[in-house]
Amino acid sequence: STHPSPDPAAGAAVKAADRAHVFHSWSAQGLIDPLAIAGADGSYFWDYDGNRYLDFSCQLVNTNIGHQHPKVVAAIQEQAAKMCTIAPGFAVDARSEAARLVAERTPGDLDKIFFTNGGAEAVENAVRMARLHTGRSKVLSAYRSYHGATAAAINLTGDPRRWPSDTASAGVVHFWAPFLYRSPFHAENEAQECERALRHLEDTIAYEGPAGIAAIILETIPGTAGIMVPPPGYLAGVREICDRYGIVFILDEVMAGFGRTGHWFAADHFGVTPDLLTFAKGVNSGYVPLGGVAISAEIAATFDQRPYPGGLTYSGHPLACASAVATINAMAEEGIVENAAAIGENVIGPALKEIAERHPSVGEVRGLGVFWALDLVKNKETREPLVPYNASGAANQPMADFAAACKRGGLWPFVNMNRTHVVPPCTVTESEAKEGLAILDEALGAADAHTV
Ligand code: PLP
């Protein structure tokens, strides 16, 4: 709606200053060519040359409510006019209301909210709470996971991004979570995968020593690592194991929470309540940095008479909290979570399954809501990934070709290793979803060209 006329000269100036002075995350500074962005609205953003992209990545899977939702923009403006900032120790309306709205939606008795500035800090604090609550130090975390880039969070992460930071694992032990398509347990069906995964977790606990384990952390549905919906019974099984050994169960809902799966929280699909739940991203769609930990009554009580040793200057920042209040209210008023569920079930899921049948490069389609992955392969029989694990440069050419084809068609894809994730906003309309799926369908021809 506010798509401006192209202005390549302005774009060039933005780009020149960026290349001179901005040090980008997760990047070789000399090898990147960031696109200069002029604006964004709803499901789209655009560059200075007049190219508009349908955002099937939601940036980093965080703009659940789309770009520039008018109610959220207005709430930030109103809060800015009233009071931009105040220290975390005061009680203020935006923070109180944000905590109330989050607590109302989290499962079970997760009724106390510790606010942070993002997901990694939420994970850091959840782990600290679990260690202080139990007096134990080890934390068990899954391979094929992502928990953030700060000290504890990167060590918990079960993907190659951990490797360069892995000098001090700080009591972290990794285990395998279920994933039938590439089963670590060589299982043949979901029930077998679930049973073997739970037995593997119990064995890991036995050999690590249950009395030393503070917490088990899992993404409810692992996101960045491939959107692997756990088999029925797995999370309930982990809950039961945690109860048996007095281990704190942390569910990381930074990516899966706030509507992404078609429920407020992914845990709602499984009827499981963790002791601690981390959130960020969708809580306010990232309009202002915000994350947090939802805390059970039992763990909160640990810190009733004893100070919790942790906090940040900007914990529960008023601008961030005001944007969360407006986001959650808009999602409720406009049926945005229900929209994510319906579009996933009626439009995206069926279309992706058809696409998978037509393309030799699509090995598996999995997901729900607006949270889908296409596992791309060289060959459907062998399931060999389209690019090798952790490939870069020339070895990653098939995925680079696919991404370039999407962008030429006007679609901004999420690409990670041999996968593309279909993660549009929860507000995506049926016609936008169909537009994006058609571009994706065509772009997959570039991946098919690398199959054998
Ligand atoms: N946990 C999960 C499940 C995530 O997906 C992410 C980010 O992608 C994080 C934690 C880290 O969040 P942040 O980047 O806001 O620190």
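For region 143-240, what D do you get in µm² per second when you plug the Kirkwood radius from alpha-carbon pairs into Stokes-Einstein at 10 °C and 1.306 mPa s?
112
Send over the semi-axes of region 325-440's equivalent ellipsoid, whole angstrom and largest first, taken as the square roots of 5 times the C-alpha gyration tensor eigenvalues.
The equivalent ellipsoid of region 325-440 has semi-axes of 28, 15, 13 Å.
Could you count how many Lys pairs in the chain have their Cα atoms under 30 Å apart, skipping same-chain pairs fewer than 8 positions apart?
24
Could you put 97, 354 in order, starting from the residue whose Cβ has the fewest other Cβ atoms within 10 Å?
Sorted ascending by nearby Cβ count, the order is 354, 97.
Enter the Cα centre distance for the pair region 409-452 and region 299-356, rounded to the nearest angstrom.
Computed from Cα coordinates, the inter-centre distance equals 24 Å.
Return the long-range amide H neighbours of residue 137 (sequence gap of 5 or more, or a different chain), with a cut-off of under 5 Å between placed amide H atoms.
When sequence neighbours closer than 5 places are left aside, the close amide H contacts are 214.
Would you please give the residues with an amide H less than 5 Å from that of residue 175, counting only those at least 5 places away or on a separate chain, with H modeled from the backbone geometry?
Amide H to amide H, under 5 Å and 5 or more residues apart or across chains, residue 175 pairs with 141, 142, 143.
In whole angstrom, how long is each semi-axis of the equivalent ellipsoid of region 1-140, when you take the square root of 5 times every eigenvalue of its Cα gyration tensor and sort them from largest down?
Gyration-tensor ellipsoid for region 1-140: 36, 23, 16 Å.
Compute the distance in nm between two label points, each set 7 Å from the Cα along the Cα-to-Cβ direction, one at residue 442 and one at residue 407.
About 1.7 nm, to one decimal.
What percent does the relative contact order of the chain come to when contacts are Cα pairs within less than 8 Å and at least six residues apart?
Relative CO of the chain lands at 20 percent.
Assuming a viscosity of 1.567 mPa s and a temperature of 4 °C, what translational diffusion coefficient in µm² per second does Stokes-Einstein assign to region 70-333, Rh being the Kirkwood radius over Cα pairs?
The calculation lands on 69 µm²/s.
Based on the Cα coordinates of region 328-391, what is the per residue volume of their convex hull in Å³?
It comes to 88 Å³ per residue, whole-number rounded.
So how do 264, 163 line up by other beta-carbon neighbours within 10 Å, fewest first?
Ascending number of Cβ neighbours within 10 Å: 163, 264.
For region 172-289, what are Rg and Dmax over the alpha carbons, in angstrom?
For region 172-289, the Cα radius of gyration and maximum Cα-Cα distance read 14.5, 45 Å.
When the helices in the chain are scored as -39500 (n - 2.57) per DSSP H run of 4 or longer and the sum is shared across all residues, what 222 nm value do you end up with, to the nearest 500 deg cm²/dmol?
Result for the chain: -11500 deg cm²/dmol, rounded to the nearest 500.
Please compute the net charge surrounding residue 355, taking Lys and Arg as +1 and Asp and Glu as -1 over other residues with Cβ under 15 Å from its Cβ.
Its environment carries a net charge of -2.
Along each principal axis of its Cα atoms, how long is the chain end to end? Whole angstroms, biggest number first, please.
Sorted largest first, the three principal extents are 60, 59, 43 Å.
Please label the shape of region 218-349 as rounded, prolate or oblate, based on the square roots a ≥ b ≥ c of the eigenvalues of the alpha-carbon gyration tensor (a/c under 1.5 means rounded; beyond that, a/b larger than b/c means prolate, else oblate).
In terms of gyration-tensor shape, oblate.
Near the amide H of residue 362, under 5 Å away, which other amide H atoms are found, from residues 5 or more places off or on another chain, if H is placed in the peptide plane?
Distant-sequence amide H within range of residue 362: 377.
Going by the alpha-carbon gyration tensor, a ≥ b ≥ c the square roots of its eigenvalues, is region 63-120 rounded (a/c under 1.5) or, if a/c is not under 1.5, prolate (a/b greater than b/c) versus oblate?
Verdict is oblate for region 63-120.
Compute the distance from the alpha-carbon center of region 232-267 to that of region 162-225, in whole Å.
If you average the Cα positions of each part, the centres end up 14 Å apart.
Excluding residue 63 itself, calculate the net charge of residues whose Cβ lies under 13 Å from the Cβ of residue 63, where each Lys or Arg counts +1 and each Asp or Glu counts -1.
0
We did not get these values from a lab; they are worked out from the coordinates using the rules stated. On a predicted model such as this, the values are computed, not experimentally measured, just so you know. Cβ sites come from the backbone with ideal geometry, for glycine too, and all protein chains shown count toward neighbours.
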